[in-house]
Amino acid sequence: MPDLVVKERTLGYEAQPEHVDPSRLSVVCVHGTGGDREDWRDQLNGLSDQANIIAIELPGHGASQPPAESDISAFAGWVADFVEALKLERVFLIGCSLGSAIVQRIALDTKPWLVGIGLVGAGARLRVHPAFLEGVLQDREKAMGLLADFAVAQGCSGELKETLARKFRACTPALIHADLTACNEFDVTGMVGQISLPTIIIVGEEDRLTPVKYAEFLNKAIAGSRLEIIPAAGHLVMMEQPEAFNRVLADFLAPLA
């Protein structure tokens with residue numbers, strides 16, 4: 001898979017189709033805590049007939065060089081520089097959890113190439129429970145298992161939970177702690193209403209990390225935004241219910257593409 005040197009740092013990513021036409025609509029997907037390109041596997045494989053689908057790996061994650069960041073604005077700078085290094089002309093940014101905070105930060109900075117945003121498992125504020133934030137440094141195994149459990153709906157398959165637990169445990173405690181710290185310090189509740197881009201907000205009906213009320217707040221604050229609540233899904237809705245997620249996103253992207 002390709003990588004890209006940005007500010008003397010190699011960033012891993014995957015694009016479908018592999019040859020990216022910069023003039024075509026590009027959907028740039030930003031993963032959450034401890035994530036990588038595989039978080040968007042069903043979107044990479046399922047939506048490339050409509051747009052370029054590009055899954056970036058944040059610094060320190062996946063194939064991207066460390067160190068990671070612990071600040072949303074710093075992460076946002078990497079994503080914006082990545083887009084500009086690829087010379088993408090029309091970009092729809094979509095992010096889950098940590099990624100949603102990064103997308104909000106970039107949207108508030110008003111980039112000329114940004115034509116719309118998607119917020120998944122999102123909030124204008126992302127406070128992290130001490131059981132995760134402190135637990136990852138005190139009892140890594142327990143905290144990672146707990147995070148994997150809370151990341152999906154209670155009825156989710158054990159296979160996905162175990163896959164997530166393995167992924168989280170493969171990350172260093174410092175990486176997960178940095179991601180969670182960035183989330184915990186993020187708060188744009190007083191500014192999010194300034195976003196005027198076409199916006200879709202997608203949340204799992206059973207999301208326990210960013211409950212539906214968080215998405216409803218964003219929907220009310222961002223004028224003209226669209227809210228989609230997907231049943232039988234938790235925080236990682238794009239992995240839990242990929243077909244429903246892709247239908248909703250494809251419908252929203254159609255007029256932009």
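Beta carbons closer than 8 Å, at least 6 apart along the sequence or on distinct chains, pair a first residue in the range 241-253 that is over 10 Å from ILE230 (Cβ atoms) with a second that is among the aromatic types (Phe, Trp, Tyr) for LEU253/PHE92. Taking the criterion of being buried (at least 19 other Cβ atoms within 10 Å of the Cβ) and charged (D, E, K, R), the only residue of the range 3-27 that qualifies is GLU14. GLY62 meets the stated requirement of being over 19 Å from GLU240 (Cβ atoms), in a loop (DSSP other than H, G, I, E, B) and in contact with an Asp or Glu (Cβ under 7 Å, 6 or more places away or on another chain). When you scan the range 136-161, how many residues do you find that are modelled with pLDDT of 90 or more and crowded, with 21+ Cβ neighbours inside 10 Å? Count: 6. Taken over the range 127-165, the criterion of being touching an Asp or Glu at 6+ places or on another chain (Cβ under 7 Å) and without any contact (Cβ under 8 Å) to a residue 60 or more places away in the chain is satisfied by LYS161 alone.
In this structure, does VAL188 turn out to be farther than 26 Å from ILE53 by Cβ and modelled with pLDDT of 95 or more? Yes.
Considering (1) modelled with pLDDT of 95 or more; (2) assigned to a strand (DSSP E or B), the lone condition that ASP39 does not fulfil carries the number (2). Summed over the range 50-59, residues that are in a loop (DSSP other than H, G, I, E, B) and at pLDDT 95 or above total 4.
Just wondering, is there one or more residues in the range 183-199 that are part of a helix (DSSP H, G or I) and under 15 Å from GLY99 (Cβ atoms)? Step through it out loud before you land on a result.
Of all residues in the range 183-199, those part of a helix (DSSP H, G or I) come to 183-184, 192-194.
Filter once more, keeping what is under 15 Å from GLY99 (Cβ atoms): 183.
Yes, because at least one residue in the range 183-199 is part of a helix (DSSP H, G or I) and under 15 Å from GLY99 (Cβ atoms).
Take the conditions (1) of a type outside the set (D, E, K, R); (2) open to solvent by 30 Å² or more (accessible area, probe 1.4 Å); (3) part of a helix (DSSP H, G or I); PRO67 misses just one of them, which is (3). Can VAL79 be described as under 17 Å from the mean Cα position of the chain (by Cα) and among the β-branched types (Val, Ile, Thr)? Yes, satisfied.
Would it be correct to say that VAL79 is within 29 Å of ASP251 (Cβ to Cβ) and either open to solvent by 40 Å² or more (accessible area, probe 1.4 Å) or assigned to a strand (DSSP E or B) (or both)? Lay out the reasoning, then the answer.
Working: within 29 Å of ASP251 (Cβ to Cβ): yes; either open to solvent by 40 Å² or more (accessible area, probe 1.4 Å) or assigned to a strand (DSSP E or B) (or both): no.
No; evaluated as a whole, the condition is false for this residue.
If the condition is being more than 9 Å from the chain's Cα centre (by Cα) and not β-branched (Val, Ile, Thr), then the range 94-117 contributes GLN104, ARG105, ALA107, LEU108, ASP109, LYS111, PRO112, TRP113, LEU114, GLY116. Quick one: in the range 2-36, of everything that is at positive phi and not acidic (Asp, Glu), which residue is farthest from the chain's Cα centre (by Cα)? Looking at the filtered set, the residue picked out is LYS7.
Taking each residue of the range 9-31 that is closer than 21 Å to ASP251 by Cα and looking for partners that are part of a loop (DSSP other than H, G, I, E, B) with beta-carbon atoms closer than 6 Å, six or more apart or interchain, yields GLN16/SER48; PRO17/SER48; SER23/GLU89; LEU25/ALA51; LEU25/LEU256; LEU25/ALA257; SER26/LEU88; VAL27/ALA51.
The residues of the range 83-109 that are under 13 Å from ASN52 (Cβ atoms), open to solvent by less than 20 Å² (accessible area, probe 1.4 Å) and not in a loop (DSSP other than H, G, I, E, B), listed by number, are VAL83, VAL91, PHE92, LEU93, ILE94.
Return yes or no: is SER97 of a type in the set (Ser, Thr, Tyr), more than 22 Å from PRO255 (Cα to Cα), free of Cβ contacts under 8 Å to residues at least 60 places away in the same chain and in contact with a helix residue (DSSP H, G or I) (Cβ under 8 Å, 6 or more places away or on another chain)? Step through it out loud before you land on a result.
Details: of a type in the set (Ser, Thr, Tyr): yes; more than 22 Å from PRO255 (Cα to Cα): yes; free of Cβ contacts under 8 Å to residues at least 60 places away in the same chain: no; in contact with a helix residue (DSSP H, G or I) (Cβ under 8 Å, 6 or more places away or on another chain): yes.
Criteria not met by SER97.
Here PHE186, PHE245 are screened, and the one residue that is more than 17 Å from ARG41 (Cα to Cα) and open to solvent by less than 40 Å² (accessible area, probe 1.4 Å) is PHE186.
The values are calculated or read from the model by the stated rules, or taken from the named source; none is laboratory data. Note that the coordinates shown come from a computational prediction; the quantities given were computed from them, not determined experimentally. Note that each Cβ is placed from the backbone with ideal geometry, even for glycine, and that neighbours are counted across all protein chains shown. Remember, those area values only see protein heavy atoms, side chains included, never the ligands or the DNA or RNA. Shrake-Rupley method; radii C 1.70, N 1.55, O 1.52, S 1.80 Å.
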